[in-house]
Each structure stands twice: as C-alpha cells, then as structure tokens.
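Q: What follows is a single structure, and I will ask about it in a moment.
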Amino acid sequence: MNNTNTDTLSSTLKEYPVWDRTTRWFHWINTLAIIGLIGVGLVILNAKTLGISTDGKILLKTIHVYIGYVFCLNLAWRIIWAFVGNKYARWKAILPVGKGFFTALREYKASFISGKIKYYQGHNPAAKLMITLLFVLLITQAITGLVLAGTDIYFPPFGQAMKTWVAEDVNKVDVIKPYSKENVSKEKFAEMRAFRKPFITIHLYGFYILLIAIFLHVFAIVVTEIRERSGLISAMFTGRKVFPKKPVDAD
C-alpha cells in the first residue's frame, strides 16, 4: 500500500470506546489466574511422576485453592458487572440471544469470508458463541473447584461441612487435617469421597475442554485482528477500538 492510500485509510479511522475499566481488569486478572491454575494444576496431576511428597501435594493444592479464590471472586464480580456495566459489558451484548441473532451470525460469517467486513464495536455474533462457552466453562470450574477444595483439603466454603461429615466425634472436627486419619470415620470418609467423585470428573474434563476453548479463543482473536485491524487486542488495554466505518452495534 502506498503512502497516499495509507494516509487516506488513517484519516478515515475513528476510535470507539468499548471495554470499560472493570471489564478490562476482569480480563487480565482472569487470564493470570487461569495461567496460575493451569500451571499448578498440571504439577498436581503429575505429582506422582514428579516424586512430590504428601506435604508437597498439600502445599500445591493450597496454592491452587488460593489462586482459585481470586479466580472465583473475579468471576463473581464480572457476573454482577454484566448487569450494571456499560452497554458492551452486559449480558445482552455477551450472550447469543435475542431476535435476529442467527441472521446476524450468518451475515457476519458471509462478510468475513468475502472481505466486506461488518464491524462490531462489542462482541461480534461469532464471538458471542465463544464467550458464552467460556463463561459456562469458567463457572463450572469455579463451582466444582470450590467443592473439591472442601472435600480434599477441607478449605472454605465447604470444608467445615465436610469435616463434620467424616468426623467420628463431631465435637473434635478441628483436629481433622488434610490426608490425616485422626478422628476420621472410614465409612463416612468413603461416602464423602463418593460424593466428591463426579465433581472431580467434571473438573478434570472441564479443564481439558477449557484448554481447547482458550486455544480457539486466542486463535480467533489473532485471525480477526489480522483480518479486521480494529485494535481488538489493544482494546483490552486501552478500552477503545478503531474502525474505518461505523460499527453495526454502535450507539
């Protein structure tokens, strides 16, 4: 492209505000928390192969749980913010619902393939599908993770209830510690672990599905950024996108 065309294109670009500060903070805290959870989680999954001791596993699981608390609180705040945030942070702009969604999805797909891009200030119709999948997976991991924290190393919010469940003497639940048999009923512990089993299965498979979804999410972002050149990536830092024409969903 020659300088004249470049100057003409630059002069037609206009900035549009999209992601508010809270949404941007959520995104990056969520990203760091997930990276931490994946890293520690992979070590825990391979603890036996790595020769990690019981105390080491408890420490790793404790770290995993504390990162999980940050992840859960951040996710909970984002769920609330989807009711009170700006136009593009709300559920209506995130979920693939509403009259005409599938028509908009087909039109966006056709325009993307043809090169005659239909620009979106917020999430485009295809992105809504991915964001919804990610929210479902994140919420699933959060809920199952909290249950596992209580059933494995007796951490809040369910840890105390689990201690009471497995205790031989409910007046001495405080002596129950992770991986210790003191004041633990063998039969009740087996019942509790049976209750735990479906949660760990969902958490484990959810983890693998989330890894795939994250890869697809990042891949789609890179492809869309190359194709549209709207500042999709930088918008999560600046809160603003740039377009050569007015986006479909602009005010």
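Values quoted throughout were computed directly from the atomic coordinates according to the rules given, and no laboratory measurement underlies them. For clarity, every value in this text was computed on a predicted model and none was experimentally measured. Reconstructed Cβ throughout: ideal geometry from the backbone, glycine too, with neighbour counts over all protein chains shown.
Q: Compute the signed sum of charges (Lys and Arg +1, Asp and Glu -1) over the other residues within less than 12 Å, Cβ to Cβ, of Glu168.
A: Around Glu168, the charge tally is +2.
Q: Let me ask something additional. Taking the alpha-carbon distance from Lys197 and a cut-off under 18 Å, which aspartates and glutamates remain once sequence neighbours fewer than 8 residues away in the same chain are dropped?
A: Here the aspartates and glutamates satisfying the reach criterion relative to Lys197 are Asp152, Glu187.
Q: Lys14's amide H: which non-local residues (gap 5+, or another chain) put their own amide H closer than 5 Å, with H modeled 1.01 Å from N in plane and none for Pro or chain starts?
A: Here Phe243 satisfy the definition.
Q: Amide H of Val184 versus every other amide H placed in the peptide plane: which residues, excluding those fewer than 5 positions away on the same chain, fall under 5 Å?
A: Answer set, sorted by chain and number: Glu168.
Q: I need the calculated FRET efficiency for the pair Phe195 and Ile80, taking r as the beta carbon distance and R₀ as 35 Å, to the nearest 0.05.
A: 0.75
Q: Specify which labelled value, from (1) 15.0; (2) 12.8; (3) 17.4, agrees with mean projected area of the Cα convex hull in nm² derived from the coordinates of the model shown.
A: It is the one labelled (3).
Q: Okay, moving on. Quick one: angle between helix 3-12 and the longest Cα principal axis of the chain, in degrees between 0 and 90, rounded to 10, please.
A: So the inclination is approximately 70 degrees.
Q: Efficiency by 1/(1 + (r/R0)^6): what FRET value for Arg240 and Tyr66, r their Cβ-Cβ distance, R0 = 41 Å, to the nearest 0.05?
A: Efficiency, from the Cβ-Cβ distance: 0.75.
Q: For the stretch 114-123, take each phi angle, set θ = phi - 60°, evaluate the Karplus expression 6.51 cos²θ - 1.76 cosθ + 1.60, and give the result in whole Hz per residue in order, putting x for glycine and proline.
A: 6, x, 8, 5, 9, 7, 10, 5, x, 6
Q: Further question: Of the cross-linked pairs Lys163/Lys186; Lys116/Lys245; Lys92/Lys116; Lys61/Lys163; Lys87/Lys128; Lys92/Lys245, which ones have a Cα-Cα span greater than 19 Å in the structure shown?
A: Lys92/Lys116; Lys92/Lys245
Q: Same structure, new question: So which aspartates and glutamates can Lys109 reach, going by Cα to Cα under 14 Å and dropping same-chain residues fewer than 8 places off?
A: Answer for Lys109, where 14 Å is the Cα cut-off: Glu228, listed by chain and number.
Q: Okay, moving on. Towards the positive end of the charge dipole of the chain, with charges on Cβ (+1 Lys, Arg; -1 Asp, Glu), say which of Phe71, Thr31, Trp91 has the farthest Cα.
A: The one lying farthest along the dipole's positive direction is Trp91.
Q: Okay, moving on. With each pseudo-label sitting 7 Å past Cα toward Cβ, what's the Glu15-Val248 distance in nm, one decimal?
A: A separation of 2.6 nm, rounded to one decimal place.
Q: So which chymotrypsin sites (Phe, Trp or Tyr not before Pro) in the stretch 128-181 end up in coil per DSSP with only 14 or fewer other C-beta atoms within 10 Å?
A: Within the stretch 128-181, the qualifying chymotrypsin sites (Phe, Trp or Tyr not before Pro) (loop, at most 14 other Cβ atoms within 10 Å) are Tyr179.
Q: In whole percent, what relative contact order does the chain give with Cα contacts below 8 Å and a gap of six or more residues?
A: 27
Q: Would you mind working out the magnitude of the charge dipole of the stretch 187-251 relative to its Cα centre, with +1 at each Lys and Arg C-beta and -1 at each Asp and Glu C-beta, to the nearest 20 Debye?
A: I would put it at about 80 debye.
Q: Compute the signed sum of charges (Lys and Arg +1, Asp and Glu -1) over the other residues within less than 14 Å, Cβ to Cβ, of Asp55.
A: Here the count lands on +3.
Q: Towards the positive end of the charge dipole of the stretch 109-171, with charges on Cβ (+1 Lys, Arg; -1 Asp, Glu), say which of Gly159, Gly122, Leu138 has the farthest Cα.
A: Value: Gly122.
Q: Okay, next question. Report, in debye and to the nearest 20, how large the dipole of the chain comes out about its Cα centre when Lys and Arg carry +1 and Asp and Glu carry -1 on their Cβ.
A: With only Lys, Arg, Asp and Glu charged at Cβ, the dipole is about 640 debye.
Q: Once you charge only the Cβ atoms, +1 for Lys and Arg and -1 for Asp and Glu, what is the size of the charge dipole of the stretch 84-162 about its Cα centre, to the nearest 20 debye?
A: For the stretch 84-162, the charge dipole is close to 640 debye.
Q: Below 9 angstrom from the Cβ of Pro247, what's the summed charge of the other residues (Lys, Arg +1; Asp, Glu -1)?
A: That works out to +3.
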